[in-house]
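Derivation of every value follows stated rules applied to the coordinates shown; laboratory data play no part. The shown structure was predicted, so the numbers you read here are calculated from the model rather than taken from an experiment. As a convention, Cβ positions derive from the backbone with ideal geometry for all residues, glycine included, and neighbour counts pool all protein chains shown.
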Amino acid sequence: MTLLALTLAAPGLKIDWTGLTLYNTIISLSAGAGLLLVVALGRQLLASGRTVTPDGWALAFGAIGLVLLITGLHMSLAWPLVGGGFPQNNIIFGEPAVIFGVVLLAASLYLWKRGAGINASDRIVHTVRVTAPISVLVFGVGLACLGIAAAGWKYTIFAAPAEEPIAGLFAEWPVVETSFVSGAYLLVGIGAILFPFALRRPSGRTVQVVGVAWGLAGLAYFLFGALAYFTHIGLIMNTK
């Protein structure tokens, strides 16, 4: 995935990298790890008799949340952070990173200070009551993710130039990479929209749908973010 949703995919493309700041490598990797950990914690909470170690989860959520908040906040406030006529990337990547980062940091603080409650006999009921208020924001983020996914397909804004390794192989078919990235946002959106309803019946099928949607999206972001460390370095070397 590249922030440079360029139609300038002709051979010999040159980019002035002094006017471009890219965070989607670390944002994608961190967001993917965060989604996977949220799903993993949910599975542990639903497993009868499974003891959860809150300190470990607090550390993990805190570390990931801090990375997402710092990079996402800079991307959201420095308008446009990405020069060259691509200010939409501040919205697409920066703002969701801020929200997810803040939610993870809030969860980290709660688990650090009040985490003992998640091992109580009524931990499912307790967790639902604690999580219910934030589900309103999660639902709103889900709607936003659907909007990002729709914009991605309409404007093919996730297409990579031919100079980018691997992803550039599909430069002639911009819908390929666009569908991959928009599809990941769609999965996050579906899970987020269903999240408040899943809290009403923690043992129901809706919880499973949320887990599958966020698990698949998290895996996609995690692997794609890791791959982007190679593809973006290659893009820089091929266009500087």
Report summary line: Applied in sequence order to segment 206-221, the curve 6.51 cos²θ - 1.76 cosθ + 1.60 (Karplus, θ = phi - 60°) yields integer Hz couplings, x standing for Gly and Pro, of 4, 4, 5, 5, 4, x, 5, 4, 6, x, 5, 5, x, 5, 5, 5
Requested in this report: Can you tell me the alpha carbon radius of gyration of segment 65-135 divided by the globular rule-of-thumb value 2.2 N^0.38 Å?
Outcome: 1.49
Query - Val130 paired with Val176, simple spin-label distance in nm, labels 7 Å along Cα-to-beta-carbon - result: 4.5
Query raised in the report: How would you classify the chain from its alpha-carbon gyration tensor, with a ≥ b ≥ c the square roots of the eigenvalues: rounded for a/c under 1.5, else prolate if a/b is greater than b/c, otherwise oblate?
Result: prolate
Query raised in the report: Once the Cα atoms of helix 54-77 and of the chain are each reduced to a long axis, what angle between those two axes, in degrees from 0 to 90 to the nearest 10, is obtained?
Result: 40
Query raised in the report: Quick one: Val130, Val38, fewest Cβ neighbours within 10 Å first, how do they rank?
Result: Val130, Val38
Report summary line: For segment 39-139 the trypsin sites (Lys or Arg not before Pro) that pass both the DSSP coil test and the at-most-13 other-Cβ-within-10 Å test are Arg50
Requested in this report: Using label points projected 7 Å from each Cα along Cα→Cβ, tell me how many nm separate Val212 and Ile70, to one decimal.
Outcome: 3.8
